[in-house]
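Written below as structure tokens is the structure these notes are about.
The values are calculated or read from the model by the stated rules, or taken from the named source; none is laboratory data. Nothing here was measured: the structure is a model prediction, and the numbers come from that model. No Cβ is skipped: glycine too gets one built from the backbone with ideal geometry, and neighbour counts run over all protein chains shown.
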Amino acid sequence: AEVVRQLLRFSRRDEPQQIELDPAEMIREATTLSRETLDRRIWFTSHADEDLPPILGDPGQMQQVLLNLIVNARDAVLEKAEQQPGTFEPAIQVSARAQSIEGVPGVVFEVRDNGTGMTDEVRERALDPFFTTKPADRGTGLGLAAVTGIIQRHEGQIRIHTKLGEGTDFGVWLPSRRREDSESPFAEGREEPRWAAQGEAPAVLIVDDEEPLGAIAAAYLRSAGFEALAFTNGDDALAEAGRRRINLAVLDVNMPSPNGWEVLAALRRRDPDLPVIVCSGFADDEDARGRGATAVLAKPYTRAQLVDAVRSALSASAEGASEGR
């Protein structure tokens, strides 16, 4: 039943926002986040051609596309590094360039790695929902399928060039479009933090097994004046929560054990009033609230959506505490 529910939600995504995006800025943002979180052994480079035309798209979804592809490349090069210890130099390259397809101008984003590569069979199925070559405790296999769904909703195309043992090159083409008076989302949200003038910044615990996604959530919240503590596994997050005061938690659901629901239950046992936001591409709102979640935030989300959700949950918690006095 859960698999059926996920497939249904996967197939009926809301229409993406249509905001004018600068491809070079998208590459810079992905580069900054990736360099902060990738294994230091990985040689990571990025490049965007000059004067690239803008694209129209959903900023959160476009960010998810790039980060998912980078995470996929990371896994491939680190797997090869384990197979060839001391002799292999893992590398990932991210780039953007202009390219027209059948007379339609657009931009190609590429994520290239020198990792394990794929067999023809794996390449043919790589974009299918729930297909994965990773162990059962390493995710559902929805990452690349989610990328495909996002690209299709943006009227784009995705292709895979790969050779077993040599690496993989993912290419994402998106049509170039403009929208008058549209602001770049990467300049979004630099307003004065609402919490900055209220003394000590609230501490937000973030748990997401995908390091880049946790890092971007932390960056969003820090830019809004919060203290953000990001962890890639529930055990480390719970240990931190046991050492200090946490004002709110943001939890990914689909993680290896302990998963998000188990972390939520453990946090609730320690602090029944702790606001907890559950994040997932497939979490059911009613089910999540029944399990004790304060709010549900669908992935992918924008900075504004995350910050607003955190502020709303904290405000509701503060109001509830004052009413109980």
Exercise for the section: Within segment 77-88, count every residue that is within 22 Å of the chain's Cα centre (by Cα) and surrounded by fewer than 22 Cβ atoms within 10 Å (Cβ to Cβ). Expected result: 2
Exercise for the section: Tell me, yes or no, whether segment 224-240 has at least one residue that is within 25 Å of Glu20 (Cα to Cα), at pLDDT below 85 and not assigned by TED's automatic domain parsing to the domain that holds Gln99. Expected result: yes
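For every residue, the table says whether it meets (1) in the same structural domain as Ala24 (by TED's automatic domain parsing); (2) among the hydroxyl-bearing types (Ser, Thr, Tyr); (3) assigned to a helix (DSSP H, G or I).
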position	(1), (2), (3)
Gln63	yes, no, yes
Leu67	yes, no, yes
Ser95	yes, yes, no
Val108	yes, no, no
Arg112	yes, no, no
Gly115	yes, no, no
Arg123	yes, no, yes
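Yes or no, residue by residue, for (1) crowded, with 20+ Cβ neighbours inside 10 Å; (2) within 17 Å of the chain's Cα centre (by Cα); (3) in a helix (DSSP H, G or I):
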position	(1), (2), (3)
Leu213	yes, yes, yes
Ala218	yes, yes, yes
Arg245	no, no, no
Leu264	yes, no, yes
Gly292	no, no, no
Ala309	yes, yes, yes
Ser317	no, no, yes
Fill in the blank from the handout: If we ask which residues in segment 228-243 are in contact with a helix residue (DSSP H, G or I) (Cβ under 8 Å, 6 or more places away or on another chain) and either buried (at least 17 other Cβ atoms within 10 Å of the Cβ) or outside any helix (DSSP H, G or I) (or both), their number turns out to be 9
Practice task
Out of Ile160, Ile151, report the one residue that is farther than 17 Å from Ser280 by Cβ, part of a helix (DSSP H, G or I) and modelled with pLDDT of 80 or more.
Solution key: Ile151
